[in-house]
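Every number here is computed from the coordinates shown, using simple stated rules; none is lab data. Just so you know, these numbers come straight off a predicted model, no measurement behind them. Backbone-built Cβ (ideal geometry, glycine too); neighbour counts: all protein chains shown.
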Amino acid sequence: MSVFTVTEQEKTRWQLKGAKALAELLNNAFHEKLPAIDWRLATGSALIGEIQHPGVTPAQKREQFDAWTLYLGGTAEPEVTTAGGRTTLLTKIKRHPAYDVDITVYTEFYADEQG
């Protein structure tokens with residue numbers, strides 16, 4: 001049985017790949033006039049975009065989510081609303097063909113949020 005060990009250098013290389021993909025993604029999004037959203041870079045090069053701006057209504061969050069999902073060519077997962085009323089919208093794309101990284105975009109909101 002072999003043991004697979006990931007070095008810190010390999011993790012850093014994955015993050016560099018993700019950072020490069022994010023820079024390209026943001027440049028393309030700018031030219032497509034997509035709304036700015038918050039992005040995180042995971043250790044394995046995955047990109048996670050969250051729509052969470054203060055002052056944004058649930059309807060605006062939904063519009064921004066739909067715009068990013070359409071741009072990325074993703075398919076939104078079924079909407080989930082908890083018993084407490086929090087709704088989550090989520091799109092996950094494995095190895096996006098243009099960026100070669102996993103990309104997740106999501107937002108959460110309560111229906112009665114004022115934004």
Practice item. Could you please find all residues in region 78-115 being basic (Lys, Arg) and touching a residue at least 24 places away in the same chain (Cβ under 8 Å)? Key: 86
Exercise for review: Report yes if some residue within region 58-75 is in contact with a helix residue (DSSP H, G or I) (Cβ under 6 Å, 6 or more places away or on another chain), surrounded by 15 or more Cβ atoms within 10 Å (Cβ to Cβ) and not acidic (Asp, Glu); otherwise report no.
Suggested key: no
**Study point:** Breaking point among (1) of a type in the set (A, V, I, L, M, F, W, C); (2) in contact (Cβ under 8 Å) with a residue 40 or more places away in the chain; (3) within 30 Å of residue 9 (Cα to Cα), for residue 41
**Key:** (2)
Exercise for review: Kindly provide the set of residues from region 63-105 that are farther than 19 Å from residue 23 by Cα and among the hydroxyl-bearing types (Ser, Thr, Tyr), ordered by number.
Suggested key: 75, 81, 82, 87, 88, 91
